[in-house]
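*Asks:* A single structure is presented below for examination.
The values are calculated or read from the model by the stated rules, or taken from the named source; none is laboratory data. Given the structure is predicted, the values throughout are model-derived calculations rather than measurements. Quick reminder, even Gly has a Cβ in these numbers, built from the backbone with ideal geometry, and neighbours come from all protein chains shown. The area values use the complete protein model at the heavy-atom level, side chains included, leaving out ligands, DNA and RNA. Shrake-Rupley method; radii C 1.70, N 1.55, O 1.52, S 1.80 Å.
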Amino acid sequence: MKKKSKKNKKKLLILRLVFVFFLVVSNTFAWFIYITRVDNSVNVHVKSWDVTFQSGEHEISNNVVVDIENLYPGMADFNYEIKAFNRSEVSATLSYTILEARIFEDEYVTVEGRELNGDDPVATDLTSAQLETKLRTEYPFTIRITLSSDTIDSENGNELFTLGAVWPYESGDDELDTEWGIRAATYKKQHPTLQSITLKIRLDITQNQD
């Protein structure tokens, strides 16, 4: 009986060793498959991202300050342009945000401008879109911002940001013409070295998910 018991124990030990061997081998194989799959999954192509802004012949940052030196009735039309270039492998979206504006002695900071500076907006703040509408519609002069397109093609695509200002001799509103004509002349007399208008604008280019 004792010999039979020893034989059974020996067989059981052998079976256990065989089981452990196959368990180790199968786990090792599974780990090899897992590593192979991980290696394959991270081997992807990262698309290039190369965008720039250019004013005239000079490359500039996306934080833009536009000055209009002397704004008055009958002035020559003012025009300022920035080219946005996209040399990436994916198309991009072009946008802008007005952060601050000074119209003679009137100063504005937009909601977005305060938030960018880490400040809380105040009740009288306008959004960038609201201030843009005000500049375009509430004065005898017109300040207009346009984009040739809000989408820039990949591989050397480019689009144009334009800020223009127009102040005809007669806007069609005699009261506004008189009020702002006097304010423009008075401001320039009191501050001959300052710009009549200053706008701070941020340009943004974001990658599209092509």
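*Asks:* Counting only residues that are among the aromatic types (Phe, Trp, Tyr), part of a loop (DSSP other than H, G, I, E, B) and open to solvent by less than 60 Å² (accessible area, probe 1.4 Å), which one in the range 135-189 is farthest from Asp77 (Cα to Cα)? Don't jump to the end; show me each part of the working.
*Replies:* Here is the first cut: in the range 135-189, the residues among the aromatic types (Phe, Trp, Tyr) are 139, 141, 161, 167, 169, 180, 187.
So of that shortlist, the ones also part of a loop (DSSP other than H, G, I, E, B) come out as 139, 141, 167, 169.
Going one step further and asking which of them are open to solvent by less than 60 Å² (accessible area, probe 1.4 Å), we end up with 139, 141, 167.
Details: Tyr139: 15, Phe141: 10, Trp167: 7 Å.
Looking at residues that are among the aromatic types (Phe, Trp, Tyr), part of a loop (DSSP other than H, G, I, E, B) and open to solvent by less than 60 Å² (accessible area, probe 1.4 Å), I get Tyr139.
*Asks:* Asp204 fails exactly one of the following numbered conditions: (1) farther than 20 Å from Val64 by Cα; (2) surrounded by fewer than 14 Cβ atoms within 10 Å (Cβ to Cβ); (3) touching a Ser or Thr at 6+ places or on another chain (Cβ under 9 Å). What is the number of that condition?
*Replies:* (1)
*Asks:* Quick one: in the range 66-88, of everything that is in contact with an Asp or Glu (Cβ under 7 Å, 6 or more places away or on another chain) and more than 20 Å from Gly56 (Cα to Cα), which residue is most open to solvent (accessible area, probe 1.4 Å)?
*Replies:* Restricting to residues being in contact with an Asp or Glu (Cβ under 7 Å, 6 or more places away or on another chain) and more than 20 Å from Gly56 (Cα to Cα), the top hit is Pro73.
*Asks:* Just checking: which of the strands (runs of 3 or more DSSP E) contained wholly in the range 42-115 hold 3 or more residues that are touching a residue at least 60 places away in the same chain (Cβ under 8 Å)?
*Replies:* The qualifying strands (runs of 3 or more DSSP E) are 63-68, 78-86, 92-103.
*Asks:* In this structure, is Thr142 closer than 19 Å to Glu69 by Cα and at pLDDT 95 or above?
*Replies:* On the way: closer than 19 Å to Glu69 by Cα: yes; at pLDDT 95 or above: yes.
Considered against the rule, which asks whether it is closer than 19 Å to Glu69 by Cα and at pLDDT 95 or above, Thr142 comes out as yes.
*Asks:* Answer yes or no: is there a residue in the range 111-134 that is surrounded by 13 or more Cβ atoms within 10 Å (Cβ to Cβ), small (Gly, Ala, Ser) and either at pLDDT below 95 or more than 30 Å from Glu179 (Cβ to Cβ) (or both).
*Replies:* No: zero hits.
*Asks:* Would you say Gly56 is at pLDDT below 95 and open to solvent by less than 80 Å² (accessible area, probe 1.4 Å)?
*Replies:* yes
*Asks:* Going through Val44, Val90 one at a time, which residue ends up being more than 15 Å from Lys200 (Cα to Cα), touching a Ser or Thr at 6+ places or on another chain (Cβ under 8 Å) and modelled with pLDDT under 95?
*Replies:* Residue meeting the stated conditions: Val90.
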